[in-house]
1. Return the residues of region 154-199 that are among the charged types (D, E, K, R), more than 20 Å from the chain's Cα centre (by Cα) and under 26 Å from S130 (Cα atoms); say none if nothing qualifies.
2. Tell me, please, whether a residue that is in a strand (DSSP E or B) and more than 28 Å from G107 (Cα to Cα) can be found in region 126-141.
3. Hey, does region 181-190 have a residue that's surrounded by 12 or more Cβ atoms within 10 Å (Cβ to Cβ), at pLDDT below 95, within 30 Å of D124 (Cα to Cα) and β-branched (V, I, T)?
4. Y102 versus (1) aromatic (F, W, Y); (2) within 23 Å of V171 (Cβ to Cβ); (3) touching a residue at least 40 places away in the same chain (Cβ under 8 Å): which is the lone unmet condition?
5. Select from region 69-90 the residues that are of a type in the set (A, V, I, L, M) and either within 18 Å of Y129 (Cβ to Cβ) or modelled with pLDDT of 95 or more (or both) and list them in ascending order.
6. Restricting to region 137-170, give me the number of residues that are in contact (Cβ under 8 Å) with a residue 24 or more places away in the chain and under 24 Å from S192 (Cα atoms).
7. Among the residues of region 96-109, are any at pLDDT 95 or above, basic (K, R) and either over 21 Å from the mean Cα position of the chain (by Cα) or exposed (fewer than 14 other Cβ atoms within 10 Å of the Cβ) (or both)?
8. Quick one: in region 29-52, of everything that is under 30 Å from D168 (Cα atoms) and among the polar types (S, T, N, Q), which residue is modelled with the highest pLDDT?
Amino acid sequence: MANSKTCALLLVSGLFAACGSSQNKGAQMVSAAPNAVPAPLVNREKCNEQGKHVVTADTNDDKKPDVWKFFKSVDIGGQKTDVLVCKQSDLNHDGKIDLVNYYDDRGAALEMEEADLDQDGKFDMTVYYSNGKRVRDEKDMNFDQRIDVWKFYEEDKLVREEHDKNGDGRVDEWHYYEGGKLDRIGYDTTGSGRVDKWDRAPERDEDVPGGAAPAPAAAPATTPPAATTPPPAAAAPAAAGAKATAAPAAAPAAGAKAAAPSPAPAPTAPGAKTAAKK
């Protein structure tokens, strides 16, 4: 258990995050974009040891804690119960907090996660939840401690992205999704903080997975010759189809003008000839 003495030891060992300093670490990455949608409010004091019962764990048996769980006593159904409100983890065992999970007041569902993606001791990504479902991501993609990508979800599906492409702290590109696919992109080309140019997503991005690829496969099914002959020749069989019946008859006529035509109708003529012989 972490108490004031434990905190002192953790401060000496460099594991200060368990003593409530994680909120300072997370505060280093804030949304500086004035035209971005404000983030939901989450009580970061849940990771403060004061008024909490803290349980630590050593997951790699190196005699140093790498997981801290913060429990708060709450009244549930008239009974005092300890619920988990915060969990901090040092995933790579380097003495720095890599992941912080914030839970609701009943300890039943996640409210927020903070993660250190490049393991430099600073948070680069924050994920927000509502009723246990992901609703928003904030990312610092160039690791300058300023958010430059915002993602928004509905029913756990991505519906919109906002980007600060030029690093000036303002959103200048908006991506909108329909049915899980990129539908349109809006740009701020004047620095006004608003969309002044639109691009539609290329249709091929939507059609290729289910349209363009199956098309070649469908052609052989209906016209087998098209599978072995290029598209220009595919038209020739259509025209040759009419000549196909005349060409074989003309070829024998060229080879033997008197005899070849006679064998051709032989199947029907023999009856007439036999009758004549009789």
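1. Step one: filter region 154-199 for residues among the charged types (D, E, K, R), giving 154-157, 160-162, 164-165, 168, 170, 172-173, 178, 181, 183-184, 188, 194, 196-197, 199.
Checking the rest, the ones that are also more than 20 Å from the chain's Cα centre (by Cα) come to 168, 170, 172, 188, 194, 196-197, 199.
The answer is R170, and nothing else.
2. Keep residues of region 126-141 that are in a strand (DSSP E or B), which gives 126-130, 133-139.
Next, only the ones that are more than 28 Å from G107 (Cα to Cα) stay: none.
No - not one qualifying residue is present in region 126-141.
3. No, because not a single residue in region 181-190 is surrounded by 12 or more Cβ atoms within 10 Å (Cβ to Cβ), at pLDDT below 95, within 30 Å of D124 (Cα to Cα) and β-branched (V, I, T).
4. (2)
5. Here is the first cut: in region 69-90, the ones of a type in the set (A, V, I, L, M) are 74, 76, 83-85.
Hits for region 69-90 are V83, L84, V85.
6. Within region 137-170, the first condition is being in contact (Cβ under 8 Å) with a residue 24 or more places away in the chain, and the residues that meet it are 138, 140, 142-143, 145-147, 150, 152, 162, 164, 167, 169-170.
Those still in the list that are under 24 Å from S192 (Cα atoms) too: 138, 140, 142, 145-147, 150, 152, 162, 164, 167, 169-170.
Within region 137-170, residues that are in contact (Cβ under 8 Å) with a residue 24 or more places away in the chain and under 24 Å from S192 (Cα atoms) number 13.
7. no
8. Step one: of region 29-52, the residues under 30 Å from D168 (Cα atoms) are 29-44.
With among the polar types (S, T, N, Q) added as a condition, the list becomes 31, 35, 43.
Values: S31: 51, N35: 77, N43: 90.
That would be N43.
The values are calculated or read from the model by the stated rules, or taken from the named source; none is laboratory data. A quick note: this is a predicted structure, and the numbers were derived from the prediction, not measured. Note that each Cβ is placed from the backbone with ideal geometry, even for glycine, and that neighbours are counted across all protein chains shown.
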